[in-house]
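To start, the structure under review is shown below, and the notes come after it.
Just so it is clear, none of the values below were taken in a lab; they were calculated from the coordinates. Just so we're clear, the structure is a prediction, and the values are computed from it rather than from any experiment. Please note: Cβ atoms are built from the backbone with ideal geometry, for glycine as well, and neighbour counts cover all protein chains shown.
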Amino acid sequence: MKNDRISRLIEKLEPLDLDAILISSNHNRRYVSGFTGSSGYLLVSRQARIIATDFRYYQQATDEAGEFALFKIRGKLEEWFGDFIGQLNPRRLGFESEHVTVASRNTLARALKKTGVKTSLIATRNLVETLRTVKSKQEIENITKAIAISDAAIDNIYEIIKPGMSEIQAAWEIERFMRQSGSEPVSFPVICASGPNSALPHAQPSDRLINTGEPVVLDFGASINGYTSDLTRTVYLGQPDSMFRKLYNIVLKAQYSAFEGITSRINGKQADDKARRVIVEAGYGEYFGHSLGHGIGLEVHEGPYLGPSSEDILLDGMVFTVEPGIYIPGWGGIRIEDDVVLERGRVTTLSKAKKLEE
């Protein structure tokens, strides 16, 4: 599998007239090499594959990235980077511009100049990220296992959440359950937002007490072997009132419209419109301010992106969220989010957690 990923990455170098690519992003480094350590660089060309890391990770890199020759980092970057790159002496070396600051790029350039390596640093964007958008069978299996944990966490919190519990307490119960169920560190900080707080799409749990008669947005994800899930359910303690039922059904209808309408080969804007038009036609378009969804994988937010300006083409094997919402300041919000995979041209829903109508 790694050989295939490396081959596909190398194919992307020639059109850009690159002799080699330097990979510094943790997630991209893991995807290409299998190395899960938190520090290091990959140097990939048609001729060589080298991983540079420090003493803490020598054995781990050898075990996890056996296809790569090991370059042992010692000292400051200026002291070793030129020798590292000099092993290939590429004329044009690509670097990941979205993961390298201007200051870091300048440090790399100084290190090359110091050792006399005649290499030009060329900014690239999303070379590895584009490869990551279409998932392998094993990747989908990992994501599905993570989703199963978040599904179970919803069932568990339904039994626990009650009036008088704080948002922080509810968020902790969700995280604790996922960790005890086998999740690696959660894919992002758990969101529990009640009442007016639920009108904030990315609200942070507070000490506010959850009351009956108000929406409660729960948004969280587990991770297995580095792969994430992302699930949102909106609950209501007590008997839902007419306002909640009305808005909830609009959001649910928007989500089902997306499930039915999204197909392979359409772009992210067209996918977003499948749900957005339902909310707009219901008169709440101004209250749906975020995009419909995003890819999940090694990161909880990655390509493809499904939004009003997205030109990303959706392909079989892509795994992404479908999460329409309505957020009304002072009242609260409703979001329903599921994880889906495109297969045989259509959407298959991977998350199974119950919704209110079920």
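Overview of results
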{"read-out": "Gap separating the Cα centres of region 217-237 and region 17-44, nearest whole Å", "value": "29"}
{"read-out": "Alpha-carbon spread of region 2-132, three principal axes, descending order, Å", "value": "36, 34, 26"}
{"read-out": "Cross-link pairs Lys72/Lys113; Lys246/Lys352; Lys72/Lys118; Lys246/Lys274; Lys135/Lys352; Lys137/Lys274 - those with Cα-Cα distance over 25 Å", "value": "Lys137/Lys274"}
{"read-out": "Kirkwood-based shape ratio for region 45-107, expressed as Rg/Rh from alpha carbons", "value": "0.97"}
{"read-out": "Highest to lowest packing among 54-67, 313-326, scored as the average C-beta count within 10 Å", "value": "313-326, 54-67"}
{"read-out": "³J(HN,Hα) computed for each position of region 140-146 - Karplus, 6.51 cos²θ - 1.76 cosθ + 1.60, integer Hz, glycine/proline x", "value": "5, 5, 5, 4, 5, 5, 5"}
{"read-out": "Long-range HN-HN contacts of Lys135 with modeled amide H, under 5 Å", "value": "Met318, Val319"}
{"read-out": "Three-way shape call for region 137-349 based on the alpha-carbon gyration tensor, with the a/c threshold at 1.5", "value": "oblate"}
{"read-out": "Unit charges on C-beta of K, R, D, E only; dipole of the chain, Debye", "value": "1060"}
{"read-out": "Residues Ser104, Ser309, Ser183, Ser257 arranged by fewest to most Cβ contacts within 10 Å", "value": "Ser309, Ser104, Ser257, Ser183"}
{"read-out": "Between 0 and 90°, nearest 10: helix 77-86 axis offset from the chain longest Cα axis", "value": "70"}
{"read-out": "About the Cα centre, charge dipole magnitude for region 137-349 (Lys/Arg +1, Asp/Glu -1 at Cβ), debye", "value": "440"}
{"read-out": "Residue-wise HN-Hα coupling along region 19-24, computed from phi with Karplus coefficients 6.51, -1.76, 1.60 (Hz; x: Gly, Pro)", "value": "8, 7, 10, 9, 10, 10"}
{"read-out": "Trypsin sites (Lys or Arg not before Pro) lying in DSSP loop within region 287-358, provided at most 11 other Cβ fall within 10 Å", "value": "Arg344, Lys354"}
{"read-out": "Those trypsin sites (Lys or Arg not before Pro) in region 79-159 that DSSP places in a loop and that have at most 15 other beta carbons within 10 Å", "value": "Arg91, Lys118, Arg125"}
{"read-out": "Alpha carbon centroid spacing (whole Å) that separates region 297-358 from region 114-167", "value": "14"}
{"read-out": "In Hz, Karplus ³J(HN,Hα) per residue of region 125-139 (6.51, -1.76, 1.60; θ = phi - 60°; x = Gly, Pro)", "value": "9, 6, 5, 7, 4, 5, 5, 6, 5, 9, 8, 7, 4, 5, 4"}
